[in-house]
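> Following this message is one structure expressed as structure tokens.
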Amino acid sequence: MTIDIRRFRYIAALIAAVCVAVGVYAFTASNTVPGSSAGAGSGAITGYTVSNVAYTLGTVPTNMDAVTFTLDKAAGTVKAQVQTGGSWYSCSNTSGNNWSCDTTSPQATVQPADQLTVVATS
Amino acid sequence: MTVYLRFVALSGVLAAAAIAIGTFTATNTVPSSRVGQQQFAIDANALKPAACSALNLTTLVVGTNGTAANDLVLGPSTGSLLNGNGGTDCIVGGGGIDTITGNGNASSNNDVCIGGPGIDIFRKCKTTIQ
């Protein structure tokens with residue numbers, strides 16, 4: 001029987017490597033790691049276009065009782081301001097993308113009303 | 001031959017790394033959304049009632065006497081004398097018994113006079129709305 005020394009060394013090294021791997025696996029304690037969530041993503045943020053702005057004057061013509069307008073897309077929350085730095089008024093959806101903002105509490109007046117600002121979110 | 005094998009091995013390692021990175025990078029699902037702010041000037045033209053929609057108003061007058069320009073005249077809550085004076089005006093009387101006088105020149109009188117609550121008197125108005 002002839003023993004190939006090179007082959008014998010190769011097999012011995014392989015057996016040794018397997019034994020080391022098994023030993024490491026056997027003596028490696030396991031940690032309990034709960035599942036977790038992490039990730040990244042993106043979504044577009046776009047704005048609205050306001051049109052058909054109209055004001056409703058009060059019985060006293062200098063009072064502004066309401067402002068109405070139309071948004072180009074559906075919105076969830078809409079608020080309006082009729083004076084720079086003034087009160088913000090909540091708006092309600094009347095139909096479709098049409099909105100109306102009651103400006104009587106506090107009562108808005110045509111002066112010093114100077115600028116309509118509409119803020120909307122989906 | 002050896003160089004070729006090294007190249008193949010390196011390519012394999014890089015491919016495995018790329019696959020591993022792709023596998024372990026989680027993605028979030030983020031829907032598109034909308035938020036916006038828009039501003040408009042509030043002037044006489046913006047405030048005019050629907051009855052005056054055909055008029056191009058340039059001056060807001062809170063009181064009783066209009067100017068030579070095209071005015072939006074907004075009267076007080078009590079009865080008063082309102083005059084549009086020159087220009088093509090939109091005159092809103094408000095409460096009480098008002099006397100509303102449009103443009104003095106009848107030939108170019110295109111004033112719109114809106115009385116509001118109460119019994120009102122209209123003079124030289126092209127359109128009158130009680």
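The values are calculated or read from the model by the stated rules, or taken from the named source; none is laboratory data. Note that the structure is predicted; figures quoted are calculated from it, not measured. Because the Cβ atoms are built from the backbone with ideal geometry, glycine has one as well, and the counts that use them run over all protein chains shown.
> Determine whether the range A:85-94 contains at least one residue that is at pLDDT 95 or above, at the interface with another protein chain (Cβ under 9 Å from one of its Cβ atoms) and under 18 Å from A:N52 (Cα atoms).
There is no residue in the range A:85-94 that is at pLDDT 95 or above, at the interface with another protein chain (Cβ under 9 Å from one of its Cβ atoms) and under 18 Å from A:N52 (Cα atoms).
> Also, quick follow-up: State yes or no: is B:I119 free of Cβ contacts under 8 Å to residues at least 60 places away in the same chain and not in a strand (DSSP E or B)? Show your work before the answer.
Working: free of Cβ contacts under 8 Å to residues at least 60 places away in the same chain: yes; not in a strand (DSSP E or B): yes.
So B:I119 fits the description; yes.
> Restricting to the range A:99-120, name every residue that is over 24 Å from the mean Cα position of the chain (by Cα) and more than 8 Å from chain B (Cβ to nearest Cβ).
Going through the range A:99-120, the residues over 24 Å from the mean Cα position of the chain (by Cα) turn out to be A:100-116.
Selection gives A:S100, A:C101, A:D102, A:T103, A:T104, A:S105, A:P106, A:Q107, A:A108, A:T109, A:P112.
> Name the single residue that is surrounded by the most Cβ atoms within 10 Å (Cβ to Cβ) among those in the range A:35-57 being without any contact (Cβ under 8 Å) to a residue 12 or more places away in the chain and more than 9 Å from chain B (Cβ to nearest Cβ).
For the range A:35-57, the residue satisfying everything is A:S36.
> When you check B:G115 against the structure, is it more than 21 Å from A:T103 (Cβ to Cβ) and within 10 Å of chain A (Cβ to nearest Cβ), yes or no? Give the derivation first.
Details: more than 21 Å from A:T103 (Cβ to Cβ): yes; within 10 Å of chain A (Cβ to nearest Cβ): no.
No; evaluated as a whole, the condition is false for this residue.
> Which residues, counting only those in the range B:38-64, are within 7 Å of chain A (Cβ to nearest Cβ), surrounded by 14 or more Cβ atoms within 10 Å (Cβ to Cβ) and not in a loop (DSSP other than H, G, I, E, B)? Walk me through how you get there before you give the answer.
Taking the range B:38-64 and keeping what is within 7 Å of chain A (Cβ to nearest Cβ), we get B:38-42, B:46-47, B:49, B:60, B:62.
Checking which are surrounded by 14 or more Cβ atoms within 10 Å (Cβ to Cβ) leaves us with B:38, B:40, B:42, B:46-47, B:49, B:60, B:62.
Across the range B:38-64, the qualifying residues are B:Q38, B:F40, B:A46, B:L47, B:L60, B:V62.
> While we're here: Within the range B:85-93, identify whether any single residue is at pLDDT 95 or above and either assigned to a helix (DSSP H, G or I) or among the aromatic types (F, W, Y) (or both), and answer yes or no.
no
> Taking the range B:23-37 on its own, how many of its residues are modelled with pLDDT of 90 or more, among the hydrophobic types (A, V, I, L, M, F, W, C), farther than 19 Å from A:W88 by Cβ and outside any loop (DSSP other than H, G, I, E, B)?
Selection size over the range B:23-37: 0.
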